[in-house]
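To start, the structure under review is shown below, and the notes come after it.
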Amino acid sequence: MESPEKTREECRPTMQNLDSCAGNEATGEVLRAAREHLENCPECQAELRLRLRLRTSLRRAVMSESAPPDLRARILRRIRGGA
C-alpha cells in the first residue's frame with residue numbers, strides 16, 4: 001500500500017488542473033495525464049465530482065439572479081459603444 005504522502009504527491013498535478021478539466025478548458029498533455037490519473041484515483045474522482053456539482057450550483061445561482069432594468073440598460077449601452 002502506498003503512503004499518504006506519496007499518493008498526495010502523485011495527485012498534485014491532477015488536482016492543480018481539475019478546474020480546467022471540469023470546465024473543458026484542459027487540452028493536450030494536461031488533459032491526457034489528468035484522465036489517466038482519474039481512471040485509477042478514487043480520491044481525485046470524488047474531488048472532480050464535487051467541483052462539477054459546485055460549478056453547476058454556481059451556474060444555477062447566477063442564472064436565477066437578474067440585474068435591475070436600469071443597470072442592464074447601462075451595461076447594454078456600454079457594450080454597444082454608447083456612453
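Each value in this text was obtained by applying a stated rule to the coordinates, not by laboratory testing. In this text, all values refer to a predicted model and were calculated from it rather than measured experimentally. All Cβ positions, even for glycine, are placed from backbone atoms using ideal geometry, and neighbour counts span all protein chains on display.
Worth a mention:
- Isotropically averaged projected area of the range 4-79, using the convex hull of Cα atoms (one quarter of hull area), nm²: 7.2 nm²
- Once backbone amide H atoms are built at 1.01 Å from N, residue 26 has 21 as its partners under 5 Å, excluding neighbours fewer than 5 places away on the same chain.
- For the chain, cysteines whose Cβ has no other cysteine Cβ within reach (under 4.7 Å): 11, 21
- Within the chain, helix-based [θ] at 222 nm, where runs of 4 or more DSSP H residues each add -39,500 (n - 2.57), nearest 500: -26000 deg cm²/dmol
- Over the chain, relative contact order from alpha-carbon pairs under 8 Å, at least 6 apart, %: 24 percent
- Cleavage-rule hits, trypsin sites (Lys or Arg not before Pro), the range 30-82, DSSP coil, Cβ neighbours within 10 Å at most 16: 80
- Helix 42-64 axis versus longest C-alpha principal axis of the chain: approximately 10°, rounded to the nearest ten.
- Taking GluC sites (Glu not before Pro) in DSSP loop conformation with at most 14 other Cβ atoms inside 10 Å as exposed sites, the chain has its longest uninterrupted site-free stretch at 26-64.
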